[in-house]
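The values are calculated or read from the model by the stated rules, or taken from the named source; none is laboratory data. This structure is a prediction, so every number in the text was calculated from the model and none was measured. Every residue, glycine among them, receives a Cβ derived from its backbone with ideal geometry; neighbour counts consider all protein chains shown. Protein only, heavy atoms only, side chains kept; ligands, DNA and RNA dropped before computing areas. Shrake-Rupley method; radii C 1.70, N 1.55, O 1.52, S 1.80 Å.
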Amino acid sequence: MNLKFRTDGISGPAFRLVAGRVIGGVVSFAIPVVLARILLPAAFGTYKQLFLIYATLFGLAQLGAAESLYYFVPSKPAEAGRSVCNAIGTLALVGTACLGVLYLARTTIAGWLGNAELANHLPLVGLFLTLTLVSAAFEIVMVSRKEPAKAAFVYAASDVVRTLSFVVPALLFGTLHAVLIGAAVFAAVRVTGMLAYLWTAYGRTLRLDVGLWRRQLAYALPFALAVGVDVIQANAHQWVVATRFDAAAFAIYAVGCLQIPLVDLICTSTANVMMVKMAELAAQGEQAGLALWHDTTVKLASLMFPLAALLFLTAHGVIVLLFTKTYLASVPILRVWCLMIIPSAFAVDAVLRAHARTRFLLLMNIVRLAVILGLVGWCISAFGVVGAVVATLVGTAVVKALAMARIARLMNVGISEVLPWKRLAATAVHAGVPLVPAWATGDIVTGPEIVTVFSSVAIYGAVYLALWFVLRTHFSIVIAGLQQEAS
């Protein structure tokens, strides 16, 4: 069969970009797995604390400068070189300021997190942050110039090289310092590659333009504010744990909060497609949009609910196989954390953005942050370190409920109609019932961990497929009966 993807619309470019991100995400997943096996828990916890600092600052310090290029490069091609130079200059300036703060305040930050070892590594992390901020515009410029194949290649190649730059020094020298040096070298290479590409693309038009820079900031800063609040609330639970527990305990917590790249990739890609279709269906009225929202939610739930169930089922095996028995204490954390996958099936952000309710999105992030900070102390006292996940889960549920109420008003329906409740309930039962025999199998089967995991997953899959066949047959009979009565 000869398959040909269209490249004149969004399908071809989107497919290439997603493919590049999938390759990169799968490869990058190896970094924490390898480092957890090589570094002692205290050193791995220090690594996790350092990159919590990095991730938070990376999200806050971009100021929307790189993202603004999605607008300015394609809409004003004559000014593209200056727009790109302004963005890179902004990122370099902010990155240098972050490097200075991390260097000067390194002992204060280390004392705040109760880990003196951080002070020795923060300058390297600051250098890595500065360089990665500068190169944040790399793929964005390619996408904006309608070069998705190049962008996909750079996404994938960067993640592969970044993984090697972390893993190889760890394997050769076995120290966190070596890992950070490798990271800084990778970031420098990436910046060099980006500058070479930009010079080829724009040449001498790469120059600063103060007037244009003001317009770019005016466009970018409101977006940056919303992103900043989102970054803070997304990392709040980790910051609380990092400041209350030592590095080894934080390592246990961070391993339990295992990130599954495909969850974000699937949900984000699906939500973006839904958003575009909602705009196309706007002329047909809210019922068309509601039907699309219902269909998208059920499809996401049919993926996310079983995934959460499988991760809950195999949490013990996943931790042992990936991170060894050293991190067994992460198992209960992972079992609660995997429940965070369930709310991701409800792409409320995309619906609100499709209706231009971006201010409400900012309010949602603020409310979620307030709920987490308000509950996390009590939850940790009541449940231990897993309480930080509980607080995050409650905060997420609260804002999803608020968003549902807002969407119901936007679509002029009641709460009973805003979601396909019966279909979602059937999906939840379909995902949950196979857990019973699969869990029992895990208790009965003995042997290597991989055998237990494989057996549990096999039983879960078999029962899930059997239920799917039964439900499909049942609904077919019901529909046929209704059609016969109607005729």
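I'd like the full set of residues that are in contact with a Phe, Trp or Tyr (Cβ under 6 Å, 6 or more places away or on another chain) and farther than 19 Å from PRO222 by Cα, limited to segment 352-389.
VAL385, VAL389, listed by residue number.
Give segment 54-76 a look and list any residue that's touching a Gly at 6+ places or on another chain (Cβ under 8 Å) and either open to solvent by less than 60 Å² (accessible area, probe 1.4 Å) or of a type in the set (Lys, Arg) (or both), or say none.
Selection gives GLY59, ALA61.
Pairs, please: C-beta under 7 Å, at least 6 apart or cross-chain, first residue more than 14 Å from ALA315 (Cβ to Cβ) and in segment 234-260, second assigned to a helix (DSSP H, G or I) and basic (Lys, Arg)?
PHE250/LYS48; ALA251/LYS48; ALA254/LYS48
Return the residues of segment 102-122 that are without any contact (Cβ under 8 Å) to a residue 12 or more places away in the chain and part of a helix (DSSP H, G or I); say none if nothing qualifies.
LEU104, THR108, GLY111
Of the residues that sit in segment 147-195 and are in contact with a Pro (Cβ under 7 Å, 6 or more places away or on another chain) and in contact (Cβ under 8 Å) with a residue 24 or more places away in the chain, which one is farthest from TYR54 (Cα to Cα)?
Top of the filtered list is PRO148.
Does ALA14 qualify as being assigned to a helix (DSSP H, G or I), more than 17 Å from PHE128 (Cβ to Cβ), hydrophobic (A, V, I, L, M, F, W, C) and modelled with pLDDT of 90 or more?
Spelling it out, it is not the case that ALA14 is assigned to a helix (DSSP H, G or I), more than 17 Å from PHE128 (Cβ to Cβ), hydrophobic (A, V, I, L, M, F, W, C) and modelled with pLDDT of 90 or more.
With the condition being over 21 Å from ALA388 (Cα atoms), I'd like the helices (runs of 4 or more DSSP H) fully within segment 283-350 carrying at least 3 qualifying residues.
Qualifying helices (runs of 4 or more DSSP H): 286-313, 315-323.
Please pick out the residue among ILE31, ILE23 that is among the β-branched types (Val, Ile, Thr), crowded, with 17+ Cβ neighbours inside 10 Å and at pLDDT below 70.
Step by step, each of ILE31, ILE23 is checked, and only ILE23 is among the β-branched types (Val, Ile, Thr), crowded, with 17+ Cβ neighbours inside 10 Å and at pLDDT below 70.
With the requirement that a residue be open to solvent by 30 Å² or more (accessible area, probe 1.4 Å) and over 18 Å from ARG37 (Cβ atoms), what does segment 295-326 give you?
ASP295, LYS299, SER302, LEU303, LEU307, LEU310, PHE312
For the condition within 18 Å of GLY59 (Cα to Cα), under 23 Å from the mean Cα position of the chain (by Cα) and open to solvent by 30 Å² or more (accessible area, probe 1.4 Å), what is the one hit in LEU127, LEU164, LEU131?
Within the list LEU127, LEU164, LEU131, the selection yields LEU131.
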